[in-house]
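Colleague: First the structure, which I've put down as structure tokens, then a few questions once you've had a look.
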Amino acid sequence: MVAGIRLEYVAAFVGIRTLAGNQHILGLNMVADAFELEGWAVDSLGADTAVETLVEQVRDTRPHLVGLSASLPQHLRGLGQAIGRLRQAFGDACPRIAVGGLAINQFPGLADWVGGEVLGLDALAAVAATADEHPCH
Ligand code: B12
């Protein structure tokens, strides 16, 4: 709740724990900040977050959008598994899942392979790509 108005457009940004570990969170934090500045209610779960923590967060807050990041090629398999788990847990009610980060930017076609969507190569592009979904627009 913000000033008595429920923000319907909630986004969660998460650095998923993978076998290789994922400490690269600066870029994802920039994306989260950009969405927050646009008026989205944002939950940043931080680096190296367990998949089941994300599943619980989605169950509790029902975000419109989940943003995940892969910086290294070694992160991609874990990212794909996390997205598969979200889709299995929520089915048709699964939030929109955006992926980004260096590994995706180098090979955007990998987004399909992991099961996510590229909204843009950086924070501003991602915000612009979702502008028409925001309640203020
Ligand atoms: C800072 C950094 C670290 C820090 C991270 C600190 C932190 N808290 O984030 C630390 C020291 C932990 C680190 C560790 C490692 N790192 Co490092 N790291 C970097 C570095 C220098 C900058 C990354 C960064 O923050 N960039 C700035 C942000 C803003 O850019 P970004 O992440 O790409 O994010 C932007 C976009 O991609 C996009 N975006 C990102 N996420 C998302 C998500 C969504 C949904 C959307 C829409 C968009 C989006 O928007 C962002 C803003 O524009 C890069 C080199 C480089 N120049 O990129 C190497 C780099 C990524 N690291 C590298 C490596 C190899 C490692 C280590 C394996 C090193 C080691 N041997 O230990 C470890 C791995 C740790 C792990 N398990 O995760 C390599 C990866 C090479 C590769 N392609 O495989 C790089 C490229 C360095 C290099 N040239 O070799 N690293």
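Read-outs throughout are calculated quantities, based only on the coordinates presented, and are distinct from any laboratory measurement. Bear in mind that the values here come from a model prediction, so they are computed numbers and not experimental data. Cβ sites come from the backbone with ideal geometry, for glycine too, and all protein chains shown count toward neighbours.
Colleague: Modelled label-to-label distance, Phe90 and Leu102, 7 Å Cα→beta-carbon offset: nm?
Modeller: 2.8
Colleague: Calculated FRET efficiency, Asn29 and Gln74, Cβ-Cβ r, R0 30 Å, to nearest 0.05?
Modeller: In this case the efficiency is close to 0.90.
Colleague: Shifting gears a bit: Using only Cα atoms and rounding to the nearest 10 degrees, what angle (0 to 90) does helix 76-90 make with the longest principal axis of the chain?
Modeller: 50
Colleague: Just in the stretch 2-79: which trypsin sites (Lys or Arg not before Pro) are loop by DSSP and have at most 15 other Cβ atoms within 10 Å? Can you show the working numbers first?
Modeller: Working: sites: Arg6, Arg17, Arg59, Arg77; in loops: Arg6, Arg17.
Passing sites in the stretch 2-79 are Arg6.
Colleague: Amide H to amide H, which residues 5 or more places from Gly116 or on other chains are under 5 Å from it, using H placed in the peptide plane?
Modeller: Counting only residues 5 or more places away or on other chains, the set is empty.
Colleague: Moving on to the next point. Counting helices only, and only those DSSP H runs with n ≥ 4, report the 222 nm mean residue ellipticity of the chain as the sum of -39,500 (n - 2.57) divided by its residues, in deg cm²/dmol to the nearest 500.
Modeller: It lands at -11500 deg cm²/dmol.
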